[in-house]
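Right, one structure below, let's go through it.
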């Protein structure tokens with residue numbers, strides 16, 4: 001199958017009476033039959049909208065999932081809007097960037113996040129309330145058709161069609177609008193399935209937001225592709241509730257970020273996570289203390305991976321067949337990774353740090369309406385991740401940081417991520433840090449360490465000096481509680497940098 005919504009139709013026809021969604025936000029369960037009927041009803045409503053794109057601003061839920069599927073069925077591409085950090089501004093930014101009017105959202109969500117309505121917003125509650133009995137009967141009858149007939153009745157295009165527009169995190173500069181095709185995401189699903197051997201018997205806990213590529217691919221399309229049951233919960237920060245949901249609903253797999261996983265570790269009880277076979281940690285580097293904590297408390301191995309929004313997202317991942325803790329794993333099946341010298345562009349030998357380049361079916365179609373930026377990042381099929389790293393002798397990728405998270409001090413390039421990694425290991429469990437560079441007239445830049453709680457600075461510097469040169473040590477520590485986060489759980493570097501500069 002070349003399109004994601006057709007893959008969903010195939011699963012719905014195959015697993016009709018099986019539970020597709022356990023929605024812990026609403027307390028409602030949906031079978032694959034009901035999910036198919038709901039998507040068909042919504043697609044009929046979405047066809048009435050004029051624009052090629054539809055904004056979707058909904059929390060992680062069955063309703064959000066069906067809205068995404070329905071948009072594709074109606075021949076439109078969903079533009080996913082981050083509601084966790086400045087929903088009003090993000091809505092206006094997305095609309096201006098991509099040139100659409102309609103945003104599907106929820107009155108309940110707007111009330112909860114205190115976001116004023118924007119012209120063009122339509123509310124999922126209103127859409128569902130206005131659906132007539134005749135429309136429901138019609139959708140029920142259509143859903144009985146064979147899968148091939150349903151695929152012909154819904155939008156039929158190519159794998160190169162845009163399936164979603166997602167925005168980069170904006171942790172370092174203004175978000176870019178990333179166009180991912182059906183083929184991009186399907187290539188990632190197939191590669192992950194080959195590597196892990198997922199089946200329809202697995203159950204996915206979905207807590208990550210669907211406006212984040214990690215959540216969209218791994219916690220929505222992957223389980224639908226296989227006909228799994230998805231357990232949705234909209235608040236990944238509700239650590240205690242998430243731990244209880246895992247104990248009660250018994251998912252076999254989940255994917256999350258180090259920040260969220262750290263919270264679940266603190267709030268969970270022994271035995272809560274015994275059903276989990278696979279826990280994939282991504283979007284940020286996994287601290288060694290977190291890996292150790294899950295293994296000691298729950299007997300769970302965290303499989304760390306690496307990816308970007310532009311690569312749908314997973315580039316490499318550790319798996320049961322090959323796990324090297326601390327690395328980002330081996331490249332996914334069908335994915336090429338090349339390490340290039342920062343200055344010459346030539347391929348680096350084993351264990352030499354350089355720029356991480358990626359090629360394969362996972363690489364985005366491009367940035368929306370921005371051919372210049374696209375051409376700067378993609379050349380001859382190779383995508384420049386903007387990250388630094390190296391490949392070891394066994395093909396494991398070691399991610400050493402964002403190129404923009406290097407600072408030049410006295411003519412030397414210093415990795416902020418390396419300093420951050422060393423400091424993180426010295427902090428108490430649950431504490432966080434973010435190392436930034438701010439301008440310095442004498443040496444070009446100076447390193448500031450922002451921590452989420454007070455620490456013994458002299459002791460920290462003494463221990464850090466055993467692993468780092470003096471030039472890479474923080475010149476000052478500042479306490480920022482809590483460290484600002486993006487909706488994905490990543491630390492917001494731009495905000496930390498601004499706050500740190502004001503505090504020193």
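The values are calculated or read from the model by the stated rules, or taken from the named source; none is laboratory data. It should be emphasised that the depicted structure is a prediction, and the values quoted were computed from it without experimental measurement. Don't worry about glycine lacking a Cβ; one is built from the backbone with ideal geometry, like all the others, and counts go over all protein chains shown.
Evaluating residue 73 against the criteria (1) over 24 Å from the mean Cα position of the chain (by Cα); (2) at negative phi leaves one unmet condition, (1). Residues of the stretch 467-504 that are part of a loop (DSSP other than H, G, I, E, B), modelled with pLDDT under 90, out of contact with any helix residue (DSSP H, G or I) (no Cβ under 8 Å at 6 or more places or on another chain) and under 24 Å from residue 412 (Cβ atoms): 469, 504.
Within the stretch 263-283, restricting attention to residues that are at pLDDT 95 or above and in contact with a strand residue (DSSP E or B) (Cβ under 7 Å, 6 or more places away or on another chain), the residue that is farthest from residue 20 (Cα to Cα) is 281. When 224, 205 are screened for being within 16 Å of residue 35 (Cα to Cα), crowded, with 24+ Cβ neighbours inside 10 Å, over 8 Å from the mean Cα position of the chain (by Cα) and touching a residue at least 40 places away in the same chain (Cβ under 8 Å), only 224 passes. Quick check on residue 154: is it within 25 Å of residue 95 (Cβ to Cβ) and either touching a residue at least 12 places away in the same chain (Cβ under 8 Å) or surrounded by 14 or more Cβ atoms within 10 Å (Cβ to Cβ) (or both)? In short, no. What are the residues in the stretch 120-129 that are under 18 Å from residue 86 (Cβ atoms) and modelled with pLDDT under 95, if any? Once the filter is applied, which keeps residues that are under 18 Å from residue 86 (Cβ atoms) and modelled with pLDDT under 95, the stretch 120-129 yields only 120.
Confirm whether residue 423 is outside the structural domain of residue 476 (by TED's automatic domain parsing), modelled with pLDDT of 90 or more, buried (at least 20 other Cβ atoms within 10 Å of the Cβ) and touching a strand residue (DSSP E or B) at 6+ places or on another chain (Cβ under 7 Å). No; evaluated as a whole, the condition is false for this residue.
Candidates are the residues of the stretch 20-48 that are assigned to a loop (DSSP other than H, G, I, E, B) and in contact with a strand residue (DSSP E or B) (Cβ under 8 Å, 6 or more places away or on another chain); the one that is farthest from residue 228 (Cα to Cα) is 25. Every residue in the stretch 178-201 that is surrounded by fewer than 21 Cβ atoms within 10 Å (Cβ to Cβ) and either touching a helix residue (DSSP H, G or I) at 6+ places or on another chain (Cβ under 8 Å) or assigned to a helix (DSSP H, G or I) (or both), please. 183, 190, 193, 194, 195, 196, 199, 200 - these are the residues of the stretch 178-201 that are surrounded by fewer than 21 Cβ atoms within 10 Å (Cβ to Cβ) and either touching a helix residue (DSSP H, G or I) at 6+ places or on another chain (Cβ under 8 Å) or assigned to a helix (DSSP H, G or I) (or both). Picking from residues in the stretch 461-472 that are under 20 Å from residue 445 (Cβ atoms) and in contact (Cβ under 8 Å) with a residue 24 or more places away in the chain, the one that is surrounded by the fewest Cβ atoms within 10 Å (Cβ to Cβ) is 471.
Just one of the numbered conditions (1) surrounded by fewer than 21 Cβ atoms within 10 Å (Cβ to Cβ); (2) in a helix (DSSP H, G or I); (3) free of Cβ contacts under 8 Å to residues at least 40 places away in the same chain; (4) touching a helix residue (DSSP H, G or I) at 6+ places or on another chain (Cβ under 8 Å) is not true of residue 266: (3). Filtered by the rule that a residue be surrounded by fewer than 16 Cβ atoms within 10 Å (Cβ to Cβ) and outside any loop (DSSP other than H, G, I, E, B), the stretch 128-146 gives 128, 129, 133, 134, 135, 136, 137, 138, 140, 141.
Counting the residues of the stretch 227-262 that are in contact (Cβ under 8 Å) with a residue 60 or more places away in the chain and under 20 Å from residue 17 (Cβ atoms) gives 6.
Only residues that are part of a loop (DSSP other than H, G, I, E, B), in contact (Cβ under 8 Å) with a residue 24 or more places away in the chain and surrounded by fewer than 17 Cβ atoms within 10 Å (Cβ to Cβ) were counted in the stretch 1-19, giving 3.
Taking the criterion of being part of a helix (DSSP H, G or I) and on the phi < 0 side of the Ramachandran plot, would at least one residue in the stretch 311-330 satisfy it? Yes, some residue in the stretch 311-330 is part of a helix (DSSP H, G or I) and on the phi < 0 side of the Ramachandran plot. Of all residues in the stretch 235-256, how many are crowded, with 23+ Cβ neighbours inside 10 Å and under 23 Å from residue 34 (Cβ atoms)? Residues meeting the conditions: 1.
Say we look at the stretch 428-443 and pick out the residues that are surrounded by 13 or more Cβ atoms within 10 Å (Cβ to Cβ) and more than 34 Å from the chain's Cα centre (by Cα); which of these is farthest from residue 501 (Cα to Cα)? Per the stated criteria, the residue is 443.
Could you say whether any residue in the stretch 308-321 is within 21 Å of residue 288 (Cα to Cα) and over 20 Å from the mean Cα position of the chain (by Cα)? Within the stretch 308-321, one or more residues are within 21 Å of residue 288 (Cα to Cα) and over 20 Å from the mean Cα position of the chain (by Cα).
Scan the stretch 361-397 for residues that are under 20 Å from residue 188 (Cα atoms), over 19 Å from the mean Cα position of the chain (by Cα) and buried (at least 21 other Cβ atoms within 10 Å of the Cβ) and the total you get is 1.
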